[in-house]
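Here the structure is laid out as structure tokens; the discussion comes afterwards.
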Amino acid sequence: MPAPIRLRELIRTIRTARTQAEEREMIQKECAAIRSSFREEDNTYRCRNVAKLLYMHMLGYPAHFGQLECLKLIASQKFTDKRIGYLGAMLLLDERQDVHLLMTNCIKNDLNHSTQYVQGLALCTLGCMGSSEMCRDLAGEVEKLLKTSNSYLRKKAALCAVHVIRKVPELMEMFLPATKNLLSEKNHGVLHTSVVLLTEMCERSPDMLAHFRKLVPQLVRILKNLIMSGYSPEHDVSGISDPFLQVRILRLLRILGKSDDDSSEAMNDILAQVATNTETSKNVGNAILYETVLTIMDIKSESGLRVLAINILGRFLLNNDKNIRYVALTSLLKTVQTDHNAVQRHRSTIVDCLKDLDVSIKRRAMELSFALVNGNNIRGMMKELLYFLDSCDPEFKADCASGVFLAAEKYAPSKRWHIDTIMRVLTTAGSYVRDDSVPNLIQLITNSVEMHAYTVQRLYKALLDDISQQPLVQVASWCIGEYGDLLVSGQCEEEEPIQVTEDEVLDVLEGLLVSNLSAAVTRGYSLTAIMKLSTRFSGVNRIKKVVSIYGSSIDVELQQRAVEYNALFKKYDHMRPALLERMPIMEKSASNGPTEIVQTNGETEPSVVDSKHPPPVSQPANQANDLLDLLGGNDVVPVIQTTVPTKPASAGGELLDLLGDLSLSGVPTPAPSVATSQPSFLLDGLSSQPLFNDIAAAAIPPMTAYNKNGLKIDFTFERANPNPNVAVITIHASNSTEADMTDFVFQAAVPKTFQLQLLSPSSNVVPALNQGTVTQVIRVLNPQKQQLRMRIKLTYTLKGSPVQDLAEVNNFPPQSWQ
Amino acid sequence: MFTERMYQHNLMRFLLLFSRQGKLRLQKWFTPLTDREKKKVIRDVMALVLARPPRSCNFLHWRDIKVVYKRYASLYFCTGLEDQDNELLTLEVLHRYVELLDKYFGNVCELDIIFNFEKAYYILDEFLMGGEVLETSKVAVSVSMENADTLQETMEEYMNRPAF
């Protein structure tokens, strides 16, 4: 039997293959030879064969038949065998296969081997791929080696311990004694790995964290020595001594200093020193500066230091090196919430980064720009962002559009500006806006009463140019349907009114119905719009004709609508004007998150929201009237409770969708809310709000609103982010009687200058004997900052009999409405 | 006692070396994945990195991982990090590995790594362990490699020593 070919020979041969097929053939041939060699239990060439197998494995060919051979190599006495064996084990085995457990004994023996390089192999393998069981079995050996004076082994044992802790966190305690004098080592390898080990332990256990805080002075000393010491060729990187160790120490200091005043103070000086003295011409210096900045921002540093840190980031932004600009933008994004003003100073540089050629940088700059938009800079920022929207890659357009809408909603200086901005987005990035933008925009337009004529005119003109962008077309159709009368009457104040006839308008709408570019949803919008114009235009015949044609459309949705509209013309013509009249103003709550809830203002007549099912409005009106009467007349606006609506992005543009899923029976069901889709990155920024808001809320004391017959209702407060005019009250209902209170319903009414919104309660049952509470969130919009008053009505069933009570709540703490 | 990490720091998930033609030259995994998952990661990350225009920054996002890569001659050195801090230091880590290879092979090129892949792994294992830097001194790593290499038996020694 000739000796198997050598590894390098095989590599050379395989590389001569000109096609994939040729390569496969060579590999198969060699694998066959290797297999038979394995079967013969050949000790001499096992090593060579496994090495070849590993090469073929890297090329993507299966090598599992070599797994056991690796184990045999590991068990061998020869170092060459062990080296390849352990490598093979790391490449071919993983903890999912039981066979890896066979290694455990070998590793145990090798951990106690007389040669440190063999011990090193064992530690390395265990530390890279050891399973939980192996770690449990061998943790004791690792701990022993952690205490050795041999620095080669000590550093490997430290990282092996890190792996053990990651796999089996309960074992962390056993390594604690060995950490005692780890930091007094001179050897940098041991120091570095020790810092990693300490970091791992502190991250996982608050107790360990507290325990290791005492190391701060020592860490500061080590860091100082690194910076002040002269040139050390062994650890030098471009003039900086052991940057890896410096960064790990800075990171550990960060963890130790976070939320601890004393530790933070102890590290203040060294941080300032590193921040000001580090050489910034090369990447390595900037890496250290970067870590320093992160540490400064995370611990309780004094304000001077924080400003220094942000200025470093500001300088990074101007650096030629793209990586550094990228990293600066990332960090600024993290700090923009807590140090908003400081970051604002760098706004123009950040906005310039929107024009960067690098995709990663552009994205970061966009996110940061949105975070920096406020009432003062909205006009300027929006100009830049819209310009960005025009020219950016498609992958950005959806997020950018959503961001623009959100920012515009929050900070629009005027209604006209708001609508112009929306128009701009729809016309330039119209196909990329998210589905839920359409109902949101429609609502916005509805509420901007004085802009109706202007809006419909602009939208009409946009349609004449381009009907391919569906969201634009949908919004435009809806508006034309709603305000077509204003369009043809030429009443626009804001700009030169256009002259357009009813026929021309109907031409456009009908064009949408037949166009290939229109989605099914869009057709629905268009048909409904045409129908609505029957009460706004003089000539109905044409509309009747269109509607009757679509009565036999293959699209089921269109067909249904057409048939019903037809019926409206025939049997129910007397109802048509009422059904199709102008939409009322829709008041939207201060929206800032997934629960965007819409409610109607109880003043206007609840118009028919669905042409198919006229909603039962009578019942809640009665309840509302009760509350009205008792407060003596018209100064109270009754509140119709809403359940949280499902995603309003459903097809059809049905009028129902715009008003959400009104629960007009007046009884809220404790249904879980379905979040609407949101551009997550922006909201992530918003929801990780700075602590100052929570702190303000903590200053509002809770109060007891009602306490009678065993039912106690407490109110707790917080301020809604970001709208300071909205107070968020959580009611907590508890029941001290012996029986449960079932069918529990909480209702509230507020004076007219307020708006109130009730979210779903946690449950309808208040458990007896204070065993639990029912909670419910109330949001009160109080733009005029008047004194908050509330009338509440409670109904529940106790021991079979219904109970009802009314009460006034006047004892709101001043902070809740001031 | 907390067992979940409160922060996730710089945990390298993998290190890949591949050529411009998409040939894998080295793969080191620091978290357990199935073969199928590994192949997917390699395929996706390679595609993303190879598609980058020449003067882009060295960082990109893929799923929840930050990918840091740098090209040295015909080889891409590429690692995936947990989405946390200090990509700049990771660039230094990659650079240090290249320096170590260079010291060992003397003006290292891709062919060295192809024909001596096992040595490339051994060097890596003296520099990193479990995704963390094991040794910060270039000299120390070189010395370890030299010593370990001398422990490897010559052919004659190999034949004469008993296996078990």
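Considering helices alone, the calculated mean residue ellipticity of chain A at 222 nm is -17000 deg cm²/dmol, with DSSP H runs of length four and up weighted by -39500 (n - 2.57) and normalised per residue. Once both labels are positioned 7 Å from their Cα atoms along Cα-to-Cβ, the gap between residue A:279 and residue B:155 label points is 4.9 nm.
Which lysines, if any, have their Cα less than 25 Å from the Cα of residue A:571, not counting same-chain residues under 8 positions apart? In chain and number order, the partners are A:532, A:544, A:545, A:612. Candidate cross-link partners of residue B:23 among the lysines, defined by an alpha-carbon separation under 25 Å and a same-chain spacing of 8 or more, comprise A:29, A:52, B:38, B:39, B:40, B:66, B:70, B:103, B:119. Across chain B, where is the longest run that never hits trypsin sites (Lys or Arg not before Pro) in a DSSP loop with at most 13 other C-beta atoms within 10 Å? The segment B:64-164 is the longest one with no such site. Modelled spin labels at residue B:21 and residue A:65, positioned 7 Å past Cα toward Cβ, are 2.8 nm from each other. A simple spin-label model places pseudo-atoms 7 Å from Cα toward Cβ; at residue A:35 and residue A:315 they are separated by 6.5 nm.
With neighbours defined as other Cβ atoms within 10 Å of a residue's Cβ, the residues A:442, A:549 order from fewest to most as A:549, A:442.
Using r as the Cβ-Cβ distance of residue A:307 and residue A:228, and R0 as 30 Å, what FRET efficiency do you calculate, to the nearest 0.05? E(calc), rounded to 0.05, equals 0.75. Computed over chain B, the per-residue total of -39500 (n - 2.57) for DSSP H runs of n ≥ 4 gives a 222 nm mean residue ellipticity of -13500 deg cm²/dmol, rounded to 500.
At the listed q of 0.11, 0.12, 0.14, 0.19 Å⁻¹, the Debye profile of the range A:203-321, built from one uniform point per Cα, gives log10 I(q)/I(0) equal to -0.35, -0.42, -0.57, -1.00. A convex hull fitted around the alpha carbon atoms of the range B:63-113 yields 74 Å³ per residue.
Note: relative contact order over chain A, using C-alpha pairs below 8 Å and six or more positions apart, is 5 percent.
When peptides A:367-377, A:325-335 are ranked by their average number of other Cβ atoms within 10 Å per residue, the highest-first order is A:325-335, A:367-377. Within the range A:118-222, how many Lys pairs sit with Cα atoms under 22 Å apart, leaving out pairs fewer than 8 places apart on the same chain? Final tally of qualifying lysine pairs is 19.
Here the alpha carbons of the range A:713-818 define both size measures, Rg and Dmax, at 14.6, 44 Å. Relative contact order of the range B:1-160: 23 percent, from C-alpha pairs under 8 Å at least 6 residues apart in sequence.
Temperature 4 °C, viscosity 1.567 mPa s: under these conditions the Stokes-Einstein estimate for the range A:235-277, based on its Kirkwood radius over C-alpha pairs, is 115 µm² per second. Both radii come from the Cα set of the protein assembly as shown: Rg as radius of gyration, Rh as Kirkwood radius; their ratio Rg/Rh reads 1.06. Taking the inverse of the mean reciprocal distance over all distinct Cα pairs, the Kirkwood hydrodynamic radius of the range A:364-513 comes to 15.8 Å.
When its C-alpha radius of gyration is set against 2.2 N^0.38 Å (N residues), the range A:121-278 gives a value of 1.06. Once the C-beta distance of residue A:808 and residue A:762 is scaled by a Förster radius of 25 Å, the resulting FRET efficiency is 0.55 to the nearest 0.05. The C-alpha atoms of chain A define a longest principal axis, and helix A:79-92 lies at about 10 degrees to it.
Taking 25 °C and 0.890 mPa s as conditions, the range A:114-192 diffuses translationally at an estimated 198 µm²/s according to Stokes-Einstein applied to its Kirkwood radius (Cα pairs).
If you place +1 on the Cβ of every Lys and Arg, -1 on the Cβ of every Asp and Glu, and leave all else neutral, what size is the dipole of the protein assembly as shown about its Cα centre, to the nearest 20 Debye? Could you put the intermediate results ahead of the total?
Numbers: 106 positive and 114 negative charges, 387 e Å.
Approximately 1860 debye in magnitude.
Here the contact order of the range A:281-375, divided by its residue count and restricted to Cα pairs under 8 Å and six or more residues apart, works out to 23 percent. The loop-placed chymotrypsin sites (Phe, Trp or Tyr not before Pro) in the range A:189-270, going by DSSP, that have at most 15 neighbouring Cβ atoms within 10 Å of their Cβ come out as A:231. Residue-normalised convex hull volume from the C-alpha trace of the range A:1-130: 105 Å³ per residue. Work out the length of the dipole vector of the range A:38-167 about its Cα centre, built from +1 on the beta-carbon of each Lys and Arg and -1 on the beta-carbon of each Asp and Glu, and round it to the nearest 20 debye. Computed about the Cα centre, the dipole is about 480 debye. Entry for chain B at q = 0.11, 0.17 Å⁻¹: log10 I(q)/I(0) = -0.51, -1.08, Debye formula applied to identical alpha-carbon scatterers, no solvent contribution. Residues in the range A:534-540 carry Karplus couplings, in order, of 4, 9, 10, 9, 7, x, 8 Hz; the curve used is 6.51 cos²θ - 1.76 cosθ + 1.60 with θ = phi - 60°, and Gly or Pro positions show x. On the principal axes of its alpha carbon atoms, the range A:1-70 extends 34, 24, 16 Å, with the longest extent given first.
Any read-out appearing in this document is the output of simple, stated calculations on the displayed coordinates, not a laboratory observation. The model shown is predicted, which means the values in this text are computed figures rather than measured ones. For neighbour counting, all protein chains shown are included, and Cβ atoms are generated from backbone atoms with ideal geometry for every residue, glycine included.
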